[in-house]
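Inspection log for the structure reproduced underneath, given as structure tokens.
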Amino acid sequence: MKNTLETRLGIFVALAVLAFAIILERVGTLDSFQRGKRVNALFSNVQDLKAGDLVRMAGVEIGRVQTIQLTNDRVLVRMKVTPSAAVRTDSTATIKFTGLMGQNYVQIDFGTPTGELLKDDGDISTVEQADLSTMMQKIDKVAEGVENMTKSFTGFHIDTLVGPLRDFITANKDPLTLTISNLQMVSSDVATQVRQGQGTLGKLIKDEALYNSALATVSNLQETATEIKTTVAEARKVVDQINSGQGTVGKLVKDEHIYQEAAEAMTQLKEILQKVNQGQGTVGKLINDPELYRNAKLTLQKVDQATEGLEDTGPLSVLGLAVGKLF
């Protein structure tokens, strides 16, 4: 190959075109010349997203961000994805970043299998992520709160808390030593008594008869509990029978005819009592007629007078006397 001016110029142009293509690929402008499907998404905040940033699905690059513009208090992000990307009508777009210092990108999920494939220039819903700057501000506030809390302990010495306790122990060293020794002796005596079966605790542990008695008591309690359960079960059966209208009580509670008869009987009894209170009928006159009361009282007085001389009088005389007194 001749090293001519035309050859060098051709190589230079080829390298320039290659470099230009690489630059376009890096900034995402080359995608404008490729076939694809346009997807639109509205965000409240795109954070640091820029034109040319990647569009991914399940971590796989499927396109690039074309334009970002404000519209109706929202941010419209237009993207171009490959025709083979299965973006559906129920897919959602989320702005994410690869790290604290990484590049932002748009993540699109698969959606549901029943969702229809999105048409060209279609819109999908979005999910807003927490802003990184907001998160950092919250972390700064937490750190500031921790710092302020730490400052509140500035100048505090542990001796302020431990000093009085140390002085108290030093001043009462002998009584505390004696108290600890007494506690050790008491605990030793108690342990010895327990091992020998002495005292209440020792008998509870060592006495076989006491154990048998406690076991019998527990058995009796279990039997009592069983009887109580049986009684409750029987009572529940009785209640169920009453609710179902079985038996005398059940019929009294559930039978409408018996209820009506009882109501009628109570009404009639109420009428009878009203008549008695008003002095109607024989019973009413006996209770309410004062003249009948006086006659009955007078008759009883005559009977008393007639019986005064019965002891010294014969039968016929008694009969005659009774007739005379009465009539």
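Nearest 5 percent is fine: what portion of the DSSP beta bridges confined to the range 51-122 is antiparallel?
Here the antiparallel bridges make up roughly 90 percent for the range 51-122.
What distance in nm separates the two pseudo spin-label positions at Ser219 and Ala16, each 7 Å out from Cα along the beta-carbon direction?
Reported label-point gap for Ser219 and Ala16 is 11.2 nm.
At most 13 other Cβ atoms within 10 Å and a DSSP loop assignment: could you name the GluC sites (Glu not before Pro) in the range 180-250 that fit?
Details: sites: Glu208, Glu223, Glu227, Glu234; in loops: none.
Loop-located and lightly packed - none at all.
Stretched out fully, how many nm does the piece from Lys96 to Ser244 gain, at 0.36 nm a residue minus the Cα gap? Write down the numbers at each step before the final one.
Values: separation 148, 0.36 × 148 = 53.28 nm, distance 6.84 nm.
Length difference between fully extended and current span is 46.4 nm.
Just to verify a number: FRET efficiency for Phe110 and Arg35, C-beta to C-beta distance, R0 = 22 Å, to 0.05? Display every interim value, and only then the final one.
Numbers: r = 22 Å, r/R0 = 0.99.
E between Phe110 and Arg35, to the nearest 0.05, is 0.50.
Determine the dipole magnitude for the range 34-134: charges of +1 sit on the beta-carbon of Lys and Arg, -1 on that of Asp and Glu, nothing else is charged, the reference point is the Cα centre, and the result goes in debye to the nearest 20. Could the numbers behind the result be given before it?
Details: 12 positive and 12 negative charges, 80 e Å.
It comes to approximately 380 debye.
So, R0 is 56 Å and r is the distance between the beta-carbons of Asn72 and Thr7; what FRET efficiency does that work out to, to 0.05? Don't skip to the end; give the middle numbers.
Working: r = 57 Å, r/R0 = 1.03.
Plugging the Cβ-Cβ distance into 1/(1 + (r/R0)^6) gives 0.45.
Just to confirm a number: summing +1 for Lys and Arg and -1 for Asp and Glu over residues other than Glu234 whose beta-carbon lies under 13 angstrom from that of Glu234, what do you get?
Spelling it out: positives minus negatives among the neighbours equals +1.
Please list the non-local residues whose amide H lies under 5 Å from the amide H of Gln103, H modeled 1.01 Å from N, same-chain partners needing a gap of 5 or more.
Hits under the 5 Å cutoff: Thr98.
May I ask you to sort Asp120, Asp207 by Cβ crowding, counting other Cβ atoms within 10 Å and putting the fewest first?
The most exposed by this proxy come first: Asp120, Asp207.
Between Ile62 and residues 5 or more places away or on another chain, which pairs have amide H atoms under 5 Å apart, with H built 1.01 Å from N, and which residues are they?
Answer set, sorted by chain and number: Val55, Arg56, Met57.
Can you tell me the FRET efficiency between Ile205 and Asn182 if r is taken as the Cβ-Cβ distance and R0 is 30 Å, rounded to the nearest 0.05?
E(calc), rounded to 0.05, equals 0.80.
Rule-based calculations on the coordinates, nothing more; no lab input. Just so it is clear, the structure is predicted and the values come from calculations on it, not from any experiment. Neighbour counts are summed over all protein chains in view; Cβ atoms, including those assigned to glycine, are modelled from backbone coordinates with ideal geometry.
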